[in-house]
Amino acid sequence: MVKASIFYIVWQIIYDLIILPDGRLDHFLSVSVAVLAKNALSLFGWNISALDRLIVIEGYRGVEVLNGCNALTLMALYSGFIISFQGPNKKRIIYLLGGIGIIFILNVIRIMAFSLATVYFQPHWDTFHEFSPFIFFYPFVLWTWYQWTLLSDDQYRTDSGLSFA
Amino acid sequence: MNNKIYKIIIITISMLTVALAQDPPDLPGAPNQGPIPGMIWLALSGLIIAAKKYFGNTEK
């Protein structure tokens, strides 16, 4: 708990003082998500264009990937748990990199869904946006966190066994 | 004929005055850059998972 608190305080300071003013990481994440979502939708035959953070299906409203929507905060929250909670270090790296990668991919799918939402249910777009993390991100993050605690449980048992031997 | 033109000019000017007197529409504000919605619930759920595991292990 203390470890997690320290992690999130340090993260917030680094983000506010370095990452946010610099802007490159946020911009890279937002633009890459927008471009990948655009390319994926193009593959499915949609007539779609991308301009920086903005993607637009021809004839419909555009979707802009803002800093808050690039999932960087979620990646930090996810990482904080994996780093703070005890577990085997080798698997920790796999969980960290794999988890961040999967969150990135899920975000691309989420932005694709937002774009399609402008075509199929524009009046409910805001509601969809509000609840989208509960569909795309949170089940995965919670499941991965739970799996990580199981791994850490295994290690705890092994450690206990060794200490008793 | 001249009278008609004067009338049109006067009406146009008076209509223009009304149109120009309207406030221009507000410019859009900065978009919301806030985090992904509901992240507090995720953090709380993580806290519960961690606490459950931690206290579960301590009891053993």
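Readers should treat all values here as calculations from the given coordinates under stated rules, not as data from a laboratory. Keep in mind that this is a model prediction, so the values were computed, not measured. In this analysis, Cβ positions are derived from the backbone assuming ideal geometry, glycine residues included, and neighbour counts consider all displayed protein chains.
Annotations for the structure displayed:
- Burial ordering of A:3, A:90, fewest other beta-carbon atoms within 10 Å first: A:90, A:3
- Förster radius 22 Å - calculated FRET efficiency between residue A:89 and residue A:3 (Cβ-Cβ, nearest 0.05): 0.95
- Net lengthening on full extension, residue A:24/residue A:102 (0.36 nm per residue, minus Cα-Cα): 26.0 nm
- Computing FRET efficiency as 1/(1 + (r/R0)^6) for residue B:40 and residue A:42, where r is the C-beta to C-beta distance and R0 is 41 Å, gives about 0.70.
- Extension reserve of the residue B:22-residue B:9 stretch, reckoned as 0.36 nm per residue once the Cα distance is removed: 2.6 nm
- Packing, taken as the mean count of other beta carbons within 10 Å per residue, orders the peptides B:48-56, A:141-149 from highest to lowest as A:141-149, B:48-56.
- With N as its number of residues, the stretch A:1-127 has a Cα radius of gyration that, divided by 2.2 N^0.38 Å, comes to 1.22.
- Across the stretch B:42-56, computed HN-Hα scalar couplings (Karplus, 6.51 cos²θ - 1.76 cosθ + 1.60, θ = phi - 60°) run 5, 4, 5, 4, x, 4, 5, 4, 5, 5, 4, 5, 5, 6, x Hz from first to last residue, x flagging Gly and Pro.
- Just so you know, the Cα atoms of the stretch A:1-64 work out to an Rg and Dmax of 17.0, 51 Å.
- The relative contact order of chain A comes to 23 percent, based on Cα pairs under 8 Å that sit 6 or more residues apart.
- For the protein assembly as shown, convex hull of alpha carbons as volume per residue, Å³: 189
- Test item: B:38-48 mean partner chain Cβ contacts at 10 Å: 5
- The local environment of residue A:98, defined by Cβ-Cβ distances under 15 Å, has a net charge of +3 under the rule Lys, Arg +1 and Asp, Glu -1.
- Sorted by Cβ neighbour density within 10 Å, fewest at the top, the residues A:53, A:24, A:92: A:24, A:92, A:53
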